[in-house]
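The next block holds one structure in the form of structure tokens; read it before the comments.
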Amino acid sequence: MSKDWGTPEHRPDLGRAHRIPKKLPKVPASRKRPLPRQGPPMPKLPAPESSLLRPTVQPMPGGRRSPRPIPPAEQLPYAQLTTAQSPHLPGADYPEDPQQARQHRLQLPKLRVPTSLKFWAIASVVTLTGVSIVSVALLLKLPAVPNCPSIFWPTASASLRLYCAQLAANKQTANDLLEAIELINSLPADHPLRPEINRHIEDWSQQVLDLAEEAFDQGKFSEALDIANKIPADTSARAQVQERVDRWNEIWAEAEKIYKEAEAALRQQDLRKAFDIAVGLLSIDNTYWKTTKYDELNGLINATREDAAKLAEARRFIDRGGLSNLSEAVKLAEEIGDGSYAYGEAQKVITEAGKGMLELAESALDRQDADEAIAILRRIPERANLEAEAQDLTHLASAYSQSWGGTVADLEAAIVQAQRLQQGRPLYGRAQELITQWQAEIQDIMRLETARQLAQPGSVGDLRAAIAEAEQIPRGNPRRAEAREAIADWTREAETMEDRPILDTADRFANSGDLTSAIEQANRIGSGRALSDEARQRVRDWTDQIQRTQDQPYLDRARELATLGNLPEAIALAEQIGQGRALYDEAQADIRTWRNQTLGQERMQQAYEAASISTTTGLLAAIRTAEQVPEDSPTRPEAEQMINLWSQQILQAAQQQAGYDLEGAIATAESIPPRTEAYDAAQLQAQTWRQQLTGEEL
């Protein structure tokens, strides 16, 4: 073993070693062994700080201390030392001989201990930080815990089971709590830990029931039932399960009933009823139904309300009629999806609009416009479920266009076209009706042609024969209107030929002055015949001539009496002309004039009597009475003149009254009726007096 050169007893010359000359002798070049180069040359070490150049005190043998200067950096050949040469490097060989060691020590520099306060401060902080980190890590390092999932439970101890069960229960989920219960419940009933186990089972079972209640409150009904049914049978929580389940079933059934009733009201588009029913969910003892489902139902009500507004607008378009309005109605209704409660109503609106388009197409066919009908049929939406009807009507449009030619050949071609619609098609019945109609029309055309041939000679008998033939065309047949026109023409022509001689005979009687015989002859022509209007007019003219001749003397005498002022007798004489006679209207006009004249005179006489009192009250009564004179009475100008005069007299009376009774004067002036000459002046005067009265009060 080599000696310990670090102790003082093995360093006898250490004292002299500290007495280093100012300049160390250079190491001979022969003793320098450069290190092998494996890379770029090492950089020159930087010069030590000035603080490291200060002399340090080193302990010497015998307890003496001697200052030793640190040599400069350029005198330290560290870069050229090898492991064998440097005693400060690991693996260095120290010479056994003290003399050689001393010589070797003199040739090699010693390691220096830093004396800088900054260095030691940093070193202290680093050391303390490292120690602290290690200490904290040791303190926080938990002992190894059992890996519960990998434990073989048949051989596990009760304490280990309880420990793992507690870990599982701490997760506070239903499955973990049930697993924890199952883990410790398998221990024997006489186990020493059984009381603690039972306490945990009771606690965890109640927690499981609470979690089931929470799941139910969140709307997870099936999950809540599943959790509750897994609670151990021998726990107090299990005794509460049936009661809870019954309550849950009752709450859930009541909530579902309310929800379904609200949905039914929505399907019926009764939004007010749906909302009133939905409010009932707020009284349900369940958060899920009171919040989530209530909000969901309110959203459905709002969506249905918007859809209902669209449907209402669509129906207004349908009521307006026309292709463009029906198309707008379809567009609005198609915006309602199949998830809406108004989808059924929307489908009805679309179908209704489609049927309206079918009717428009049929109307176009009635106007003999097949192109427009086909264009309308192409606008019918698919959702109207009228595709088959549209196809059949398109097919019939071709048959219609064939029939419009009006000839027998055209009608036969139309029949062939309509017969292509097979039984079972939506418009098969309509096609059969058209076929029957066109077949009847062919027969009518043949009858009309026969009737025209019969009427061609032009005699009364020929015309009657033609009429009889045309009358065989039944009412309701397509050619019935044409036959009726032909019958009317032939009938008029035949009646004219029959009645013209009678009317000519009546004219001859009238020309001879025998109006009575003329009237009797003309009345032979019955009403409704071709010349009946002409005959009736002549009868009225001849009757007027007779009545004027009879009644004119009475009317002339009545007018003479009225001129003489005997109006009552004139009225009585004129009233003898009865209603319906030729001069009745003239007599009644004269009677009204004479009665108005009599009434005007009576009213004016009463007015004069009232005004004779010469008081404001009398003058006002006179004005009111005079205003009752009829407008067409001869005394009306006189009445208006007196009304203006009396109003001026009332104004003068008010002006006189103002000298001693200003308020009374105002009342008198304001009593003057409108539409009189003094009315405007009276109103202005009353306003002036009222201002004076107000100034005096101030």
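The values are calculated or read from the model by the stated rules, or taken from the named source; none is laboratory data. Quick caveat: nothing in here was measured; it's all calculated off a predicted structure. Cβ: placed from backbone, ideal geometry, glycine included. Neighbour counts: every protein chain shown. Surface accessibility is based on the protein's heavy atoms, side chains included, excluding ligands, DNA and RNA. Shrake-Rupley method; radii C 1.70, N 1.55, O 1.52, S 1.80 Å.
For the range 286-324, a residue qualifies if it is assigned to a helix (DSSP H, G or I), buried (at least 17 other Cβ atoms within 10 Å of the Cβ) and of a type in the set (S, T, N, Q), and exactly one does: Thr304.
As a summary of the residue check, Gln685 satisfies the conditions (1) at pLDDT 90 or above; (2) out of contact with any helix residue (DSSP H, G or I) (no Cβ under 6 Å at 6 or more places or on another chain) except for the one numbered (2).
Would you pick out the residues in the range 532-551 that are surrounded by fewer than 19 Cβ atoms within 10 Å (Cβ to Cβ) and closer than 17 Å to Met497 by Cα? Matches in the range 532-551: Ser532, Asp533, Glu534. Candidates Gln432, Gln402, Gln423: the one that is out of contact with any Pro (no Cβ under 9 Å at 6 or more places or on another chain), farther than 24 Å from Gly476 by Cα and polar (S, T, N, Q) is Gln423. Give the range 413-428 a look and list any residue that's open to solvent by 40 Å² or more (accessible area, probe 1.4 Å) and under 50 Å from the mean Cα position of the chain (by Cα), or say none. Gln419, Arg420, Gln422, Gln423, Gly424, Arg425, Pro426, Tyr428, listed by residue number.
Every residue, every condition in (1) closer than 30 Å to Lys348 by Cβ; (2) without any contact (Cβ under 8 Å) to a residue 60 or more places away in the chain; (3) in contact with a His (Cβ under 9 Å, 6 or more places away or on another chain), yes or no:
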site	(1), (2), (3)
Ile197	no, yes, yes
Ile201	no, yes, no
Ser205	no, yes, no
Asp210	no, yes, no
Phe221	no, yes, no
Thr235	no, yes, no
Arg238	no, yes, no
Ile258	yes, yes, no
Ala278	yes, yes, no
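Scanning the range 272-285 for residues that are under 27 Å from the mean Cα position of the chain (by Cα) and surrounded by fewer than 17 Cβ atoms within 10 Å (Cβ to Cβ) yields Arg272, Lys273, Asp276, Val279, Leu282. Would you check if there is a residue in the range 629-649 being on the phi > 0 side of the Ramachandran plot and not polar (S, T, N, Q)? Within the range 629-649, none of the residues are on the phi > 0 side of the Ramachandran plot and not polar (S, T, N, Q). Scoring Ser527 on the criteria (1) at pLDDT below 85; (2) in a helix (DSSP H, G or I); (3) open to solvent by 70 Å² or more (accessible area, probe 1.4 Å) leaves a single failure, condition (2). Among all residues of the range 164-173, there is none that is at pLDDT 65 or above, within 30 Å of Ala233 (Cα to Cα) and more than 60 Å from the chain's Cα centre (by Cα).
If only residues of the range 552-575 that are more than 30 Å from Phe509 (Cα to Cα) and of a type in the set (S, T, N, Q) are counted, the one that is least open to solvent (accessible area, probe 1.4 Å) is Asn566. Pairing residues of the range 280-299 that are among the small types (Gly, Ala, Ser) with residues that are outside any helix (DSSP H, G or I), at Cβ distances under 6 Å and at least 6 apart in sequence or on separate chains, gives no pairs at all. Within the range 402-411, does at least one residue satisfy the condition of being open to solvent by 40 Å² or more (accessible area, probe 1.4 Å), part of a helix (DSSP H, G or I) and touching a residue at least 24 places away in the same chain (Cβ under 8 Å)? Among the residues of the range 402-411, at least one is open to solvent by 40 Å² or more (accessible area, probe 1.4 Å), part of a helix (DSSP H, G or I) and touching a residue at least 24 places away in the same chain (Cβ under 8 Å), which makes the answer yes.
Checking each residue in the range 342-390 for being of a type in the set (Lys, Arg) and without any contact (Cβ under 8 Å) to a residue 24 or more places away in the chain picks out Lys348, Arg367, Arg378.
Here is the figure for the range 455-487: residues that are within 22 Å of Gly406 (Cα to Cα), free of Cβ contacts under 8 Å to residues at least 24 places away in the same chain and assigned to a helix (DSSP H, G or I) total 6.
State all residues of the range 610-629 that are buried (at least 21 other Cβ atoms within 10 Å of the Cβ) and within 14 Å of Thr668 (Cβ to Cβ); if no residue qualifies, say none. Scanning the range 610-629 gives Leu619, Ile623. When we screen Thr496, Thr505, Thr491, Thr516 for residues that are assigned to a helix (DSSP H, G or I) and under 30 Å from Ala440 (Cα atoms), the only hit is Thr491.
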